[in-house]
Amino acid sequence: MTGSFYAMQYGYKAFVIIASVSVVTAIIIHFCEKINPHFKYWSIPQNDVKTDAIHVAVSMGIIPQVLDGLLSAVLLVFALKLTSVLGFAVWPHDWHLGFQLILALLISQFGTYWSHRLMHEVPLLWRLHATHHSPKRLYWLNAGRFHPLDTIAGSSISLMPLLILGAGDEVFVLQTVWVSVHGMFQHCNIHLKLGLLNYIFSMAELHRWHHSMTLEEANTNYGSNIIFWDIVFGSMYYPKDKEASQEIGLSDIEDFPDDYIGQIASPFNWKKLKS
């Protein structure tokens with residue numbers, strides 16, 4: 001985050017900053033997974049690397065870029081109108097950038113929390129989100145395994161309030177860096193203990209429970225980047241007396257498609273997959 005901040009001060013383009021930080025983080029995590037895996041079983045490829053790589057390119061590359069452009073163009077009108085009506089800029093641009101980032105995460109993650117929770121609780125929406133829960137192992141690359149419609153919904157809900165409130169470009173860059181880096185650590189197969197930091201970040205130690213095959217464990221820890229709203233709404237799950245199981249995936253579908261096209265088509269072939 002510090003590196004991204006100074007890179008912006010030196011005038012580097014947002015795409016260069018986000019891509020550079022993401023690549024460096026991916027390399028570090030990849031080697032840490034090799035050196036100190038949480039589960040050795042998760043270190044074994046399961047015909048998933050190619051599919052996950054395509055998901056990352058689409059869900060973390062193409063869709064966010066397109067959405068950012070479209071939503072910015074549409075919601076800029078609302079942002080200007082809101083400022084005109086109130087007579088002052090809603091977003092606190094005079095705050096330190098670090099505090100602006102915290103505010104952006106709290107606001108954007110509120111919508112993301114509820115959209116994620118509904119994806120689990122509404123059967124029709126679960127068809128879209130099931131793609132993310134289909135892998136039988138967690139490692140850094142499947143942080144991007146999302147159905148495109150799931151990505152569009154989550155990203156839109158996250159971006160819209162910040163755009164309407166008039167958050168600056170620097171805030172969006174730092175939040176995107178946060179989401180990218182945190183997402184890879186959230187799904188990493190590294191043996192680590194975060195202790196009290198589990199009450200701030202929604203990282204691997206908590207997120208492994210979210211991928212459990214046991215419904216009561218999986219329907220918890222909805223926070224994508226911070227765990228704050230799970231604490232507020234009582235959905236945080238952090239047992240101190242046991243570890244999350246290495247057996248993860250979909251308990252109600254045994255043969256979920258391994259290929260990208262099959263996963264994209266899965267919500268529309270749901271009855272066939274269930275049978």
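Below, the figures for the structure above:
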| item | result |
| --- | --- |
| 5 angstrom amide H check on ILE190, placed H, neighbours 5+ away | HIS38 |
| Helix 14-35 vs. the chain, principal-axis angle (Cα, 0 to 90°, nearest 10) | 30 |
| Given 10 as the ceiling on other Cβ atoms within 10 Å, longest exposed-site-free region of the chain for trypsin sites (Lys or Arg not before Pro) in DSSP loops | 1-192 |
| Computed over the range 91-248, Kirkwood Rh from alpha-carbon pairs, angstrom | 16.1 |
| In order through the range 248-259: 3J(HN,Hα) via Karplus (6.51 cos²θ - 1.76 cosθ + 1.60), integer Hz, x for Gly, Pro | 10, x, 9, 7, 9, 9, 7, 10, 6, x, 8, 8 |
| Accessible area in the full protein assembly, largest first, 1.4 Å probe, for SER266, SER43 | SER43, SER266 |
| Cα-based helix-to-principal-axis angle, 97-121 vs the chain, degrees rounded to 10 | 40 |
| Net charge over other residues, Cβ less than 11 angstrom from the Cβ of ALA14 (K, R count +1; D, E count -1) | -2 |
| Estimated dipole of the range 103-212 in Debye, rounded to 20 [Cβ of Lys and Arg +1, of Asp and Glu -1, Cα centre] | 480 |
| Per-residue ³J(HN,Hα) for the range 155-171, Karplus 6.51 cos²θ - 1.76 cosθ + 1.60, θ = phi - 60°, Hz, x for Gly and Pro | 5, 5, 5, 6, 7, 3, x, 5, 5, 5, 7, x, 4, x, 4, 4, 5 |
| In the chain, lysine pairs closer than 21 Å at Cα, eight or more apart or cross-chain | 13 |
| Ellipsoid equivalent to the chain - semi-axes via the Cα gyration tensor, in Å | 31, 21, 19 |
| Accessible surface of the chain, 1.4 Å probe, proportion on carbon and sulfur as whole % | 68 |
| Solvent exposure of the range 99-228 as accessible area per residue, Å², 1.4 Å probe | 35 |
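The values are calculated or read from the model by the stated rules, or taken from the named source; none is laboratory data. Values in this document were obtained by computation on a predicted structure and should not be read as measured data. With ideal geometry, Cβ positions are generated from the backbone for all residues, glycine too; neighbour counts draw on all protein chains shown. Just the protein is used for accessible areas: all its heavy atoms, side chains included, with ligands, DNA and RNA removed. Shrake-Rupley method; radii C 1.70, N 1.55, O 1.52, S 1.80 Å.
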